[in-house]
Amino acid sequence: MQRYFVSPEQFNEDRVIITGEDARHITRVMRGKPGDTFIVSDGVSREALVKIEHIEQTDVFAVVIEPLEMKQEPLLKVTIAQSLPKGDKMETVIQKCTEIGAVHFVPFVSARTIVQYDAKKEGKRLDRWRKIAKEAAEQSHRNMIPAIDQPLSWKSLLDTFSEYDVVCFCYEQEHGSQLRDVLKPFIAQTLQKPGTTASLLLLVGPEGGFTEEECKEAEEAGAVSVGLGRRILRCETAGMVALACALYESGEMGGA
């Protein structure tokens with residue numbers, strides 16, 4: 001069933017108003033008419049099955065048929081910190097990791113980042129990333145849209161490590177700890193009680209990977225260096241693999 005995210009202000013006790021691009025999608029693409037049903041979420045605390053009551057020019061007015069339980073989000077809250085890759089690879093990372101279950105994206109600039117960061121152009125790029133996240137969240141029936149930050153410097157990213165329960169530095173040179181070696185005991189300790197949550201930050205490098213100095217700095221800031229197997233993954237693949245492994249290990253996909 002079609003799903004749309006709206007702001008909490010558009011969602012009152014028994015009615016909802018759909019505006020903008022979503023309203024155009026309902027009326028022009030889906031050919032919506034009074035009586036048609038779809039799901040609406042405010043991305044925070046409310047979700048419901050609604051029915052179109054009437055359509056006025058650019059707005060769609062719907063009435064709540066049935067409140068729905070918000071139970072699509074994983075208990076392990078994973079943030080993907082991705083060093084800015086070339087081309088449209090970041091769009092792929094955001095789309096696919098949103099579908100898998102990431103709750104937050106933090107783009108950053110590292111020593112081997114190839115693309116030139118341009119603050120003037122970044123606003124439009126950020127808008128596009130957020131639109132991609134919204135559409136992917138709707139398609140995959142998420143209860144919320146992942147947050148996407150403005151790109152950070154490497155130093156600024158290091159300063160955020162204390163905000164997470166555990167930070168994993170995905171490093172292709174790591175031949176000791178593998179991701180599961182770190183996640184299994186962490187999850188066993190933090191997600192024992194039903195309903196509890198935990199936060200994980202996954203750091204993924206650019207096309208050329210991280211430097212040894214960055215690995216040292218990350219570990220000094222509190223990260224654990226981990227490998228993702230014996231094969232070298234593309235930068236746009238590594239985050240997806242690490243995220244899927246983390247959610248599986250947490251029991252989201254039948255693991256743990």
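Regarding V106, is this residue under 16 Å from S156 (Cβ atoms) and either assigned by TED's automatic domain parsing to the domain that holds T237 or within 17 Å of the chain's Cα centre (by Cα) (or both)? Yes: the conditions hold for V106.
For the stretch 46-91, the set of residues classified as under 24 Å from S156 (Cβ atoms) and among the hydroxyl-bearing types (S, T, Y) consists of T79, S83, listed by residue number. None of T58, T92, T98 is out of contact with any Gly (no Cβ under 7 Å at 6 or more places or on another chain) and outside the structural domain of E214 (by TED's automatic domain parsing) except T58. In the condition set (1) surrounded by 17 or more Cβ atoms within 10 Å (Cβ to Cβ); (2) out of contact with any helix residue (DSSP H, G or I) (no Cβ under 9 Å at 6 or more places or on another chain); (3) under 30 Å from Y164 (Cα atoms), P74 is compliant with all but (2).
Taking the stated definitions as given, is D42 touching a Pro at 6+ places or on another chain (Cβ under 7 Å), free of Cβ contacts under 8 Å to residues at least 40 places away in the same chain and within 28 Å of Y248 (Cα to Cα)? Yes.
Please report, ordered by residue number, the strands (runs of 3 or more DSSP E) entirely within the stretch 41-137 with at least 3 residues that are modelled with pLDDT of 95 or more and under 20 Å from E236 (Cα atoms). Can you show your working first?
Details: elements: 47-56, 59-67, 76-83, 104-109.
Per the criteria, 76-83, 104-109.
Would it be correct to say that T92 is polar (S, T, N, Q), in contact (Cβ under 8 Å) with a residue 24 or more places away in the chain and touching a helix residue (DSSP H, G or I) at 6+ places or on another chain (Cβ under 6 Å)?
On the way: polar (S, T, N, Q): yes; in contact (Cβ under 8 Å) with a residue 24 or more places away in the chain: yes; touching a helix residue (DSSP H, G or I) at 6+ places or on another chain (Cβ under 6 Å): yes.
Spelling it out, T92 is indeed polar (S, T, N, Q), in contact (Cβ under 8 Å) with a residue 24 or more places away in the chain and touching a helix residue (DSSP H, G or I) at 6+ places or on another chain (Cβ under 6 Å).
Taking each residue of the stretch 234-256 that is outside the structural domain of D165 (by TED's automatic domain parsing) and looking for partners that are outside any loop (DSSP other than H, G, I, E, B) and of a type in the set (S, T, Y) with beta-carbon atoms closer than 6 Å, six or more apart or interchain, yields G255/Y248. Among the residues of the stretch 1-35, which ones are surrounded by fewer than 19 Cβ atoms within 10 Å (Cβ to Cβ), under 15 Å from E56 (Cα atoms) and either touching a helix residue (DSSP H, G or I) at 6+ places or on another chain (Cβ under 8 Å) or touching a residue at least 60 places away in the same chain (Cβ under 8 Å) (or both)? Result: I17, T19.
Contact annotation: residue pairs with Cβ atoms under 9 Å, 6 or more positions apart or on different chains, pairing a residue in the stretch 46-63 that is surrounded by 14 or more Cβ atoms within 10 Å (Cβ to Cβ) with a partner that is of a type in the set (V, I, T) and part of a loop (DSSP other than H, G, I, E, B), are D59/T19; V60/T19.
Which ranges mark the helices (runs of 4 or more DSSP H) fully within the stretch 146-256 that have 2 or more residues being modelled with pLDDT of 95 or more, among the acidic types (D, E) and buried (at least 21 other Cβ atoms within 10 Å of the Cβ)?
Working: elements: 154-158, 179-190, 212-220, 235-249.
In the stretch 146-256, no matching helices (runs of 4 or more DSSP H) lie anywhere.
In summary, W129 fulfils each of the numbered conditions (1) surrounded by fewer than 16 Cβ atoms within 10 Å (Cβ to Cβ); (2) over 22 Å from K71 (Cα atoms) with the single exception of condition (1).
The values are calculated or read from the model by the stated rules, or taken from the named source; none is laboratory data. Note that the structure is predicted; figures quoted are calculated from it, not measured. Cβ coordinates were reconstructed from backbone atoms using ideal geometry, including for glycine residues, and neighbour counts include every protein chain displayed.
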